[in-house]
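Beneath this line is the structure, given in structure tokens, with notes to follow.
The values are calculated or read from the model by the stated rules, or taken from the named source; none is laboratory data. The structure displayed is predicted, hence computed values, not measured ones. Ideal geometry is used to build each Cβ from the backbone, glycine not excepted, and the neighbour counts take in all protein chains shown. Side chains included, ligands, DNA and RNA excluded: accessible areas come from the protein's heavy atoms. Shrake-Rupley method; radii C 1.70, N 1.55, O 1.52, S 1.80 Å.
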Amino acid sequence: MSHSATAHLPGWAANTLFSRQHQPADTVVALGDIRIGGGRPVIIAGPCSVESEAQILETAHLLRTHGAQMLRGGAFKPRTSPYSFQGLGQKGLELLAMARSASGLPVVTEVMDTADVGLVAEYADVLQIGSRNMQNFPLLKAVGRLRKPVLLKRGMAATLEEFLMSAEYILAEGNFQVILCERGIRTFSDYARNTLDLNIVPAVRRISHLPIIVDPSHGTGHRELVTPMSLAALACGAQGLIIETHPRPDTALSDAGQTISIEHFAQLMEQINHFVAWQQHYADITDPT
Ligand code: PEP
Ligand code: MN
């Protein structure tokens, strides 16, 4: 990998901890034998929300069989309507821990409230900061005081500078295990839930040593778009994917329309494996740094 681009960093990246000026080599976030940012892309999958013991155990088991490396699932859900399913809360965290024991998959789950950081950190392997909280500075500082990986999702109207400066809040508190996630932004485009801004992937990788993954589920809102945009994300240098998956997607209590089935996930994994083999063969072409 070449780091010659460090001479062309934007002014706002000067003297930041996220920049390649501070650290030329890629940050690798390690979880057991999983390496995020360390070569092969990491595939995270699971339902939008943890719904029941049966649902999360079945999902974790099947995903493991098909090659997912981590399990996602929301226990505290940021819903547009206060009348929509809000997640199972602590019960959801307990079910995630049960699914981790049963499957061996580490779990990533969202923390929405500063008051819940300690509780979520007891159960989660990776704490997710959702799009709506990307600039919740007290929450960023609170997860910055942890010594556990944080998955920071891009705000739906955040610039590149704002996104990386939010990561800086976490780094500045001494937590260097930050994984960035592009999840789509609001634009005038109305054929999909969001516009998946893949431009930001090579842009982030040039400026920052932090790993960046892509969420093609929230990024599109449509399950038909998940496979093509997953492959597109890998092509532009994403170091992982986070994909909403459910054994019966149409019955999902949240984000059903963008959730893929286990069979769909299995096919996608096959395509990912072919694509990654090709990409490794042509590493010099697809390395965006
Ligand atoms: C999610 O991952 O379920 C979620 C709510 O994502 P975002 O914060 O990107 O909308
Ligand atoms: Mn969701």
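Annotations
- Dividing the helix sum by the residues of the chain, where each DSSP H run of 4 or more adds -39500 (n - 2.57), gives a mean residue ellipticity at 222 nm of -10000 deg cm²/dmol.
- Accessible area (Å², per residue) of the chain, counting only protein heavy atoms and a probe of 1.4 Å: 41
- Solvent-accessible area, 1.4 Å probe, carbon plus sulfur percent, for segment 11-286: 54
- Dipole magnitude of segment 11-286 about its Cα centre (Cβ charges: Lys, Arg +1; Asp, Glu -1), debye to nearest 20: 380
- Ratio Rg/Rh [Cα only; Rh per Kirkwood] for the chain: 0.94
- Using a cutoff of 8 angstrom between alpha carbon atoms and counting only pairs six or more residues apart, the relative contact order for the chain works out to 20 percent.
- The length gained on full extension between Arg145 and Phe85, counted as 0.36 nm times the residue separation minus their Cα-Cα distance, comes to 18.6 nm.
- Dipole magnitude (debye, nearest 20) for segment 1-124, charges at Cβ of Lys, Arg, Asp, Glu: 340
- Here segment 130-195 is assigned +1 on the Cβ of each Lys and Arg and -1 on the Cβ of each Asp and Glu. Its dipole about the Cα centre then comes out at about 320 debye.
- Between the C-alpha center of segment 92-141 and that of segment 68-89 there is a gap of 11 Å.
- Charge-dipole axis of segment 11-286 as Lys and Arg at +1 and Asp and Glu at -1 on Cβ define it, positive-most pick from Leu231, Leu180, Ser166: Ser166
- Couplings 3J(HN,Hα) for segment 33-41, derived from phi with the Karplus relation 6.51 cos²θ - 1.76 cosθ + 1.60 (θ = phi - 60°), are 9, 8, 10, 9, x, x, x, 4, x Hz, where x marks Gly and Pro.
- Vicinal HN-Hα couplings computed from phi for segment 170-187 (Karplus, 6.51 cos²θ - 1.76 cosθ + 1.60; Hz; Gly/Pro x): 6, 4, 5, 8, x, 9, 9, 8, 10, 10, 8, 9, 7, 9, x, 10, 7, 9
- Arg186 versus Gln267: modelled label distance in nm, points set 7 Å from Cα along the beta carbon direction: 3.4
- For Leu9 and His222, a Förster radius of 45 Å and the Cβ-Cβ distance give a FRET efficiency of 0.80, rounded to the nearest 0.05.
- Proximity of backbone amide H atoms, modeled 1.01 Å from N, is registered between Ser217 and Glu244 at under 5 Å, excluding neighbours fewer than 5 places apart on the same chain.
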